[in-house]
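What follows is calculated from the coordinates using simple rules that are stated; it is not laboratory data. Model, not experiment: these values are computed from the prediction. Neighbour counts run over all protein chains shown; Cβ positions are idealised from the backbone, glycine included.
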């Protein structure tokens, strides 16, 4: 296997393992066993587990951003709902890693991982605004969207622990929260109308 292919294979292997166990608990030996290679080979491409975790997270976040792109012909709220469905499914697939990343005291919650998470947050806000045709959001709307993204993260984290509603119900509840927060933000009426439109 070519060096770049081997590196990609090890990242894919790490993501499979991180879907089952918190990344902070995974050892190079586990990655090597899962990939059917030697421990020394893992260290040849990644000098330590922190570097492998960072690379795997960056790959996962990039793939998540692709999955969050809803069909452009849907009305704004339907696009938000589609993106939420994708996000919840992704979080469920990587539940141990998602939980560890959002726990501030986790050994994998570093400045680098926070930067990757913030990259997704910014992209989500930009996607919502862009699809609604809002180029220059008011400060109140910007704040409301930042708060809503935090609500999504916290709600999904709670849902992963409790599983007290089905995935579709959670997505619908989060859409309702967006409508409520944008409606009470106090920004220009046209912003609310564009963001909460239910028809194209």
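Note on residue 33 and residue 155: the extension gain reaches 40.4 nm, defined as 0.36 nm multiplied by sequence separation minus the Cα-Cα distance.
Rounded to the nearest 10 degrees, the inclination of helix 111-131 to the longest alpha-carbon principal axis of the chain is 30 degrees. The Rg/Rh ratio of the chain, with Rg taken over Cα atoms and Rh as the Kirkwood radius over Cα pairs, comes to 1.04.
Can you give the FRET efficiency to the nearest 0.05 for residue 41 and residue 112, using r as the Cβ-Cβ distance and R₀ = 25 Å? Efficiency for this residue pair is about 0.60.
FRET efficiency for residue 74 and residue 99, Cβ-Cβ distance as r, R0 = 30 Å, nearest 0.05? With a Förster radius of 30 Å, E is 0.50.
With each label modelled as a point 7 angstrom along the Cα→C-beta vector, the residue 135-residue 175 pair spans 2.9 nm. For the pair the stretch 148-186 / the stretch 38-85, the C-alpha centres are spaced 21 Å from each other. Taking label points 7 Å from Cα along the Cα-to-Cβ direction, residue 7 and residue 65 give a separation of 1.9 nm. Summary value for the chain: 25 percent relative contact order, contacts being C-alpha pairs under 8 angstrom separated by 6+ residues. Straightening the chain between residue 58 and residue 167 buys 36.7 nm, computed as 0.36 nm per residue apart minus the Cα-Cα spacing. Among 130-141, 159-170, 91-102, the peptide with the highest mean count of other Cβ atoms within 10 Å heads the list, and the full ranking is 91-102, 130-141, 159-170.
Relative to the longest principal axis of the Cα atoms of the chain, the long axis of helix 139-162 lies at roughly 50 degrees. In the chain, the longest principal axis of the Cα atoms and the axis of helix 49-67 are about 40 degrees apart.
Stretched out straight at 0.36 nm per residue, the stretch from residue 190 to residue 25 would grow longer than its current Cα-Cα span by 54.5 nm. Counting only DSSP H runs of at least 4 residues, each contributing -39500 (n - 2.57), and dividing by the residue count of the chain, the helix-based mean residue ellipticity at 222 nm comes to -23500 deg cm²/dmol.
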